[in-house]
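Input: a single structure, listed below in structure tokens.
The values are calculated or read from the model by the stated rules, or taken from the named source; none is laboratory data. This structure is a prediction, so every number in the text was calculated from the model and none was measured. Every residue, glycine as well, gets a Cβ built from its backbone with ideal geometry; the counts of neighbours run over all protein chains shown. Ligands, DNA and RNA are stripped out before the accessible areas are found, and what is left, the full protein with its side chains, is counted by its heavy atoms. Shrake-Rupley method; radii C 1.70, N 1.55, O 1.52, S 1.80 Å.
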Amino acid sequence: MSNRKIRILLAKPGLDGHDRGAKVLARCFRDAGFEVIYTGCHQTPEQIAAVAVQEDVDLVGLSCLSGAHKYLFPRVVELMKEQGLGDVTVVGGGIIPEQDMQPLYDAGIKALFTPGTPLDTIVEWINNNVTPKE
Amino acid sequence: MKELGQKVLAKDIIAASRIIRNLEDQIPDTYIAIQEIFGHTGNSHVVGITGAPGAGKSTLTDEMISAYRKRNKTVGVLAVDPTSPFTGGALLGDRIRMLRHAEDKGVFIRSMATRGAMGGISKAVGESIHVLDVLGKDKIIVETVGVGQQEVEIINHAHTVIVVLVPGMGDEIQALKAGLMEIADIFVINKADREGAGKLYKETLNMINMSKDSGGWEIPVLMVENVAEPKKFAESVEALADKIDEHYQYLVNNNLLSERMRRKTKAELNEALWGRILQPILNDLEADGEMERMVEKLLAKETNPYSLADEVAKRYMK
């Protein structure tokens, strides 16, 4: 009888106003049957972590095209752990140079999707790697 | 589940967040958590905001949060957006207007999807009000999905209903129609700097004057303009917050609060009876394939739905 749905928080941390990609993803996730909370641009990691608590999401998707991903992404992971959300998957997307990827994975980012990644690949990754909370 | 309920009583927001999720996902045991908290509910003032898509409900809600925080009130928000009838997915975007309150510990905002409900909010929204109530929120703002004329479920859950109108949506006949235009305790004419606002104001007043006596409460029509000028906008919303508080005081002074909640309580009892009595029977019938066999019989015109229902009733009710 239960009807668990994957809930996703999509956010753009930092000083980056390029939200076309995030909007396309929001729409794509809607069409994949997920519930997407879209919160737009210019957010602090603190805001994102607070929203994740209130929205009980399974996945946080961070988009960053400004180059500040090395600080912002790990900071979100850290804050979410502090708030008791260590079990929530965090992924990132945007312009992420090859050499930055391993440090981000080490910091707890579970996947990174760079420009050109087909939408289906991202949806498939989510379906294979994210199970709605019990 | 019992533990979740107790955690919410101790004001744990992660637990509160989870119960709301369980209500939405219809996890069967969630009623145990509700059993824990139900006795502690009934302390919040529930304010409903409804109106057409794009009327400015979320932006108003955001400013109302600020107005209440200035008055040292804690605020809970349940903001509803539509579920896709095709994919079951949803894009919940109300919160994007309320980001500045994200870190305020006195504010809890939750985005919810309609999940197929047709009344402007879902059953889970009605139940989640209890959760925010127990978290100790003084004001709970329920923002419905963008509505048309008929989605008036909010009256079963809110003490004070605000209907948000915008200019340019039709002539005075629209104001005379049943449904949405009947449920307001307060009208807001939003985007009142736009052409047609004055006309809409007069039409709305006319409509109110034609209505029967609403029992001592004169339904006000407030103009809110200039989102682009934050100071003016904030002032308009301060006036709205005053009116909302006035309405609450009116309900309290006239012992009308419980009257308002009577329908909600009855609807919830109804749902509970359904869930505890009928649902298990339906699950049973589905599980052993009897439901399908009965459908076959009906398609073959061997019997009729009423006789079958009688048979099932006889079997289960002793």
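Tabulated values for the structure
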| item | result |
| --- | --- |
| Shielding by other protein chains, A:5-18, mean Cβ within 10 Å | 2 |
| Between helix B:257-273 and chain B: long-axis angle, C-alpha atoms, 0 to 90°, nearest 10 | 20 |
| Accessible area of chain A belonging to carbon and sulfur atoms, whole % at 1.4 Å probe | 51 |
| Peptide A:24-36, shielding by other chains (average Cβ, 10 Å cutoff) | 5 |
| Listing of segment B:109-156 residues, each with accessible area lower by at least 50 Å² in the full protein assembly than in the chain alone (probe 1.4 Å) | B:115 |
| Euclidean distance of C-alpha centroids, segment B:65-87 and segment B:283-318, integer Å | 43 |
| Cβ neighbours within 10 Å from other chains - mean over B:21-27 | 5 |
| Listed residue pairs exceeding 18 Å between alpha carbons, taken from B:73/B:137; B:123/B:177; B:2/B:264; A:12/B:137 | B:123/B:177; B:2/B:264; A:12/B:137 |
| For residue A:96, distant residues with modelled amide H under 5 Å away | none |
| Zone residues, segment B:48-68, relative to residue B:235, backbone N less than 18 Å from point 7 Å out along Cα-to-Cβ | B:63-64, B:67 |
| Largest to smallest accessible area among B:252, B:142 [probe 1.4 Å] | B:252, B:142 |
| Theoretical gain in end-to-end length, residue B:70 to residue B:267 [0.36 nm per residue, Cα-Cα removed] | 67.4 nm |
| Karplus-derived 3J(HN,Hα), 6.51/-1.76/1.60, for each residue of segment B:41-58, Hz, glycine and proline x | 8, x, 9, 9, 9, 9, 10, x, 10, 9, x, 5, x, x, 6, x, 4, 5 |
| Per residue accessible area in Å² of segment B:42-165, where ligands, DNA and RNA are left out and the probe is 1.4 Å | 30 |
| Carbon/sulfur fraction of accessible area - segment B:68-121, other protein chains in place, 1.4 Å, % | 55 |
| Whole-angstrom gap from segment B:212-268 to segment A:1-39, using each part's C-alpha centre | 34 |
| Linear extension gain, residue A:4 paired with residue A:101, 0.36 nm per residue minus alpha-carbon span | 31.8 nm |
| For the pair B and A, total buried accessible area rounded to nearest 100 Å², probe 1.4 Å | 2900 |
| Percent of beta bridges antiparallel (DSSP, chain B, rounded to nearest 5) | 5 |
| Label-point separation, residue B:202 to residue B:217 (7 Å along Cα→Cβ), nm | 2.8 |
| Probe 1.4 Å, protein heavy atoms only - accessible area per residue of segment A:5-134 in square angstrom | 42 |
| Rounded accessible area per residue of segment B:167-318, 1.4 Å, Å² | 68 |
| Long-range amide H partners of residue A:34 with built H, under 5 Å | B:90 |
